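Worksheet: the structure to be examined is printed underneath.
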Amino acid sequence: MTRSIIALILLVNALILQAQDIISIEGKTIPSVTLQDSKGTIFNSEKISNDGKPFVIVFWKTCCKPPIRELSVLSDVYEEWIEKTGVKIYAVAVDDSRSTMSVKPFADGQGWEFEILLDPNQNLKRSMNVKVVPYTFVFNGKGVVVGEKMLFSEGDENEIFDMIEKANQKN
């Protein structure tokens, strides 16, 4: 009995510490780190933009099913979202350097029309305090975070679209 109580207390403390580690970056701009585009060209993350229109960054990994499901769902609504809001989606792969060569062929095989970016050292992921994938950020046209979403379930695309519309209003 005593061991069960101690185990429960330790579990609760661990969950509290983990929850405190998730810090929102809403209201901040994209940090300055080095990334690669899908062709391997190195550039600074501050260059990510969408000509004054909102943009979305989704962190994902080729071996992780939830972000693949999210990106597939977003792919289904992407053209409609572009027409309605002018949004641009960046899919930032956090695969390590050993598997970055497979990211572009994987994304192409899925039929995704997003801009595919590579973060093999996970610098952007760390800078934006991303602990799990998928993790989605919505930016207004000025590059300020107006919403973020951890994980993905069917129907969450509606919440993401609402954030995009909010981003359009804040331009």
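Each value in this text was obtained by applying a stated rule to the coordinates, not by laboratory testing. The shown structure was predicted, so the numbers you read here are calculated from the model rather than taken from an experiment. Cβ atoms come from the backbone with ideal geometry, glycine included; neighbour counts cover every protein chain shown.
Can you work out the FRET efficiency for the pair GLU154 and VAL132, with r the C-beta to C-beta distance and R0 = 22 Å, to the nearest 0.05? Step by step, r from the Cβ atoms, then E = 0.75. Loop-located GluC sites (Glu not before Pro) in region 42-110 (DSSP state other than H, G, I, E, B) with a sparse environment of at most 12 neighbouring Cβ atoms within 10 Å are absent.
Quick one: length gained pulling SER32 to ARG69 fully straight, 0.36 nm per residue minus the C-alpha distance?
Details: separation 37, 0.36 × 37 = 13.32 nm, distance 2.84 nm.
Taking 0.36 nm per residue and subtracting the Cα distance, the gain is 10.5 nm.
Using bins of 10 Å that start at zero, the share of Cα-Cα pairs per bin across region 106-165 amounts to 18, 45, 37, 1, in whole %. Expressed to the nearest 5 percent, the antiparallel share of DSSP beta bridges inside region 25-169 is 60 percent. For ASP162 and PHE43, a Förster radius of 30 Å and the Cβ-Cβ distance give a FRET efficiency of 0.50, rounded to the nearest 0.05. Neighbour counts of C-beta atoms inside 10 Å place ASP156, ASP119 in the sequence ASP156, ASP119, starting with the fewest.
So for LYS125, LYS39, fewest C-beta neighbours within 10 Å to most, what's the order?
Numbers: LYS125 18, LYS39 8.
Least to most surrounded, the residues fall as LYS39, LYS125.
Among LYS88, LYS131, a tally of other beta-carbon atoms within 10 Å of each Cβ gives an order, fewest to most, of LYS131, LYS88.
Phi-derived couplings, Karplus 6.51 cos²θ - 1.76 cosθ + 1.60 at θ = phi - 60°, listed residue by residue for region 159-168: 5, 5, 4, 4, 5, 5, 4, 4, 4, 5 Hz, with x used for Gly and Pro. Hydrodynamic radius of region 25-169 by the Kirkwood approach over all distinct alpha-carbon pairs: 14.9 Å.
Modelled label positions at ASP96 and ASN121, each set 7 Å beyond Cα in the direction of Cβ, lie 1.6 nm from each other.
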